[in-house]
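S.K.: Take a look at the following structure, please.
The values are calculated or read from the model by the stated rules, or taken from the named source; none is laboratory data. Please read all numbers here as calculations on a predicted model, not as lab measurements. Ideal geometry is used to build each Cβ from the backbone, glycine not excepted, and the neighbour counts take in all protein chains shown.
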């Protein structure tokens, strides 16, 4: 067993942290590791620390937990740093969005062509980008040989920014690629017989390879689309949009199926207003990035956060009751998804799906595995600059990350009409941040279809940046 030092920055995100702890408990090669939980919200930090410690005990696993509100203390001596912190939280995002909407920018100025995800702020949240660099610089000083595992958004801008400005080893992670299996499930395909690849940038990935039992499976998708064309799309949740009309339309235009959050990160054609959103992503929400869709998400998140705090308090009042029982009973009042999440935590044969702990296991214990990673391109995707972060499949072992050859190549339409424009927006956002120049944000907004005048763009930027 390798005793590894792992730090989780932003550990007050209870569900994510408990997923990682659960995965650690199920990864024998990492038993005995020290996990440092760091968050500036001391109340949430204490709750997660209490729950993680009890969970580990009930799983009969040896893990050492420490907690701190100090970033440097958390990072010092780490072998792996998992950064999941959102600076300012959702309150900051909501404030930026409301300022934008007062000035006529539906869903805020951060909602841009090919970047519509509601917590993926690239124009206004300079504090988040500053935090990314601070984490990397602190690691260079205190644990220069450690790995940074980037989980906090924006992963695309963040991975590119850090890798251009730091020598540390790092990788960015997202879980949108799992929607490959949503596609195959709708087609009635057995998961173990699918041969797939995705490639692109974070929240902009495309299923370049899709084979079933050795044969091209795209004709099966074409048949599904023809046969389901007259069936009204009804999502179960705002996030249930992989097989939405927007996704099918994008597939028809680009020639590859968009996967995961790529379906949300589409053009203005699908996002002009609530009516348009519901047309393409289904009623009643119209995607997670509409007002009702995002309110649904925040309500779910609030319930889970409250439940986490309540669980920690219940453990204090009822120390004789197992955490498993408390979670099981508490989950009954929530949605089926919450109950399913709770059951997965304790299932010894089921990992969370987050890639962070398996990645650490692959590096530390040479347990070779396949991942979808965000790393610098270095020629993996033709037509994209080498120093731009791309999201691609890779094999990981103790010698590091080995990216797969992208075969077949992405269609020219994806490169020229989607990835290059998205990369350009990333470059604009990072230049504005690095130069701390709000005037560059004004220039970006002058290309936004919601902008009606220079004065409008200047006014919203002045209110946001105070210049």
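S.K.: Hey, could you check the stretch 293-334 for residues that are part of a loop (DSSP other than H, G, I, E, B) and surrounded by 13 or more Cβ atoms within 10 Å (Cβ to Cβ) and say which is modelled with the lowest pLDDT?
M.R.: Checking each candidate, the answer is 334.
S.K.: Is it true that some residue in the stretch 138-150 is under 18 Å from the mean Cα position of the chain (by Cα), buried (at least 23 other Cβ atoms within 10 Å of the Cβ) and closer than 25 Å to residue 242 by Cα?
M.R.: Yes, that holds for at least one residue.
S.K.: Out of curiosity, is residue 108 in the same structural domain as residue 139 (by TED's automatic domain parsing), crowded, with 16+ Cβ neighbours inside 10 Å and under 24 Å from the mean Cα position of the chain (by Cα)?
M.R.: Against the criterion (in the same structural domain as residue 139 (by TED's automatic domain parsing), crowded, with 16+ Cβ neighbours inside 10 Å and under 24 Å from the mean Cα position of the chain (by Cα)), residue 108 does not qualify.
S.K.: Shifting gears a bit: Any residue in the stretch 179-195 that is surrounded by fewer than 20 Cβ atoms within 10 Å (Cβ to Cβ), touching a residue at least 24 places away in the same chain (Cβ under 8 Å) and within 29 Å of residue 420 (Cβ to Cβ)?
M.R.: yes
S.K.: Return yes or no: is residue 15 surrounded by fewer than 21 Cβ atoms within 10 Å (Cβ to Cβ) and within 18 Å of the chain's Cα centre (by Cα)?
M.R.: yes
S.K.: Might you check whether a residue that is buried (at least 24 other Cβ atoms within 10 Å of the Cβ) and part of a strand (DSSP E or B) occurs anywhere in the stretch 268-278?
M.R.: No, the stretch 268-278 contains no residue that is buried (at least 24 other Cβ atoms within 10 Å of the Cβ) and part of a strand (DSSP E or B).
S.K.: Can you tell me which of 408, 449, 348 is under 25 Å from residue 84 (Cβ atoms) and touching a residue at least 40 places away in the same chain (Cβ under 8 Å)?
M.R.: After applying the criteria, what remains is 348.
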